[in-house]
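Peer 1: Dropping the structure in here first, questions after.
The values are calculated or read from the model by the stated rules, or taken from the named source; none is laboratory data. What you see is a predicted model, and the numbers here were worked out from it, not measured in a lab. Cβ: placed from backbone, ideal geometry, glycine included. Neighbour counts: every protein chain shown. These accessible areas exclude ligands, DNA and RNA; they are computed on the full protein's heavy atoms, side chains included. Shrake-Rupley method; radii C 1.70, N 1.55, O 1.52, S 1.80 Å.
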Amino acid sequence: SESSSLKIRRQAAFKLARVGSDQAIESLKLGLLSTNSFLKAGIGEALGQSQNPKAYEVLLEMLHNEDPIAVRGAVRGIAVRGDVDAAQVLEKVLFDCTYSESVRGEAASSLGEIPQPEALQALARATNEIQDEEIISQIWEGLGQRDFSETEQIFSNYLSSPNISVEAKVTALESLGNAEGNVAPFLLSYAAD
């Protein structure tokens with residue numbers, strides 16, 4: 001119902017996704033016809049929680065939506081799956097220049113939430129290949145969400161590179177504020193820099 005508040009409509013989307021029946025997924029697909037970008041993004045996030053295989057198919061279709069806000073919701077929904085396939089799909093989005101910076105950045109950040117080695121490898125590769133500052137920030141945000149024992153070598157290699165700007169290095173170090181594990185000794189080595 002277009003007359004209901006966005007909050008109520010998003011809650012309904014999550015409830016339908018949890019129901020997970022084919023009929024519920026069809027109802028969510030109808031919701032994607034809305035003109036409200038944030039509702040479509042919420043539907044994408046909700047679909048990621050559904051166990052129905054058709055939900056994942058809808059998420060993959062949503063990646064081709066012209067509305068970047070809706071696509072970012074689909075990216076977050078795909079990340080919820082947390083499997084190898086999700087990591088591979090989001091890696092493709094991250095490296096695909098036809099997507100907007102905001103969508104590619106969302107893919108980078110979401111890869112940090114996927115506990116698969118493929119997700120970590122995609123983010124490590126991105127630190128070397130992607131130059132866009134906005135996306136780089138999201139790449140480090142994604143890496144900063146992971147356990148530091150997994151990412152220490154990536155951070156160390158990046159920060160010791162002479163070709164990286166001071167600003168980019170600061171962005172990388174700041175992202176460690178969210179990292180799990182003992183980052184203090186590593187950060188202290190840069191405290192006097």
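Peer 1: Assuming R0 = 45 Å, can you tell me the calculated FRET efficiency for the pair T35 and N163, based on Cβ-Cβ distance, to the nearest 0.05?
Peer 2: Taking R0 as 45 Å, the efficiency between T35 and N163 is 0.50.
Peer 1: Which whole-number value in Å² is the accessible area per residue of the chain, probe 1.4 Å? Before the final figure, lay out the partial values.
Peer 2: Details: 10000 Å² over 193 residues.
Here the residues of the chain average 52 Å² of exposed surface.
Peer 1: For the range 59-155, treating each Cα as an identical point scatterer without solvent, what Debye log10 I(q)/I(0) comes out at q = 0.10, 0.11, 0.14 1/Å?
Peer 2: Listed by q, the Debye log ratios stand at -0.21, -0.26, -0.42.
Peer 1: Between Q153 and S5, 0.36 nm times their residue separation minus their Cα-Cα distance comes to what?
Peer 2: Here the segment from Q153 to S5 would lengthen by 48.6 nm.
Peer 1: Sticking with this one: Using only protein heavy atoms and a 1.4 Å probe, report how much of F14 is accessible, in Å² to the nearest 10.
Peer 2: Counting only protein heavy atoms, the figure is 40 Å².
Peer 1: Further question on the same structure: How far is it, in nm, from the label point at E57 to the one at E134 when both lie 7 Å from their Cα along the line to the Cβ?
Peer 2: A separation of 3.4 nm, rounded to one decimal place.
Peer 1: Anyone know which of D85, D132, D96 comes out most mobile in the 10 Å Cα GNM of the chain?
Peer 2: D132
Peer 1: Given 4 °C and 1.567 mPa s, how large is the Stokes-Einstein diffusion coefficient of the range 67-114 in µm²/s, with Rh as the Kirkwood radius over Cα pairs?
Peer 2: Rounded to a whole number, D works out at 128 µm²/s.
Peer 1: Using protein chains only and a probe of 1.4 angstrom, how many square angstrom of T98 are accessible, to the nearest 10?
Peer 2: 120 Å²
Peer 1: Which whole-number percent gives the relative contact order of the chain, counting Cα pairs below 8 Å spaced six or more residues apart?
Peer 2: The value is 13 percent.
Peer 1: Quick one: 3J(HN,Hα) in Hz for the range 172-182, Karplus 6.51/-1.76/1.60 with θ = phi - 60°, rounded, Gly and Pro as x.
Peer 2: 4, 5, 4, 5, 6, x, 9, 5, 7, x, 8
Peer 1: Stokes-Einstein D for the range 124-166 at 37 °C, 0.692 mPa s, Kirkwood Rh over Cα pairs, in µm²/s?
Peer 2: In µm²/s, the coefficient is 304.
Peer 1: Specify the angular offset, from 0 to 90 degrees and rounded to the nearest 10, of the alpha carbon long axis of helix 117-129 from the longest principal axis of the alpha carbons in the chain.
Peer 2: Between helix and principal axis, roughly 60 degrees.
Peer 1: Spin-label point model (7 Å from Cα, Cβ direction): what's the Q49 to A192 distance in nm?
Peer 2: 5.0 nm
Peer 1: Suppose we look only past 23 Å in the calculated P(r) of the chain. What percent of the Cα-Cα pairs does that tail hold?
Peer 2: For the chain, the share of Cα pairs beyond 23 Å comes to 46 percent.
Peer 1: Using a Förster distance of 41 angstrom, determine the FRET efficiency expected from the C-beta separation of Q23 and E101, and round it to 0.05.
Peer 2: Once the sixth-power term is evaluated, E becomes 0.65.
Peer 1: A further question on this structure: If you keep only loop residues by DSSP, which chymotrypsin sites (Phe, Trp or Tyr not before Pro) in the range 15-98 have at most 14 other Cβ atoms within 10 Å of their Cβ?
Peer 2: Sites meeting the loop and neighbour criteria: none at all.
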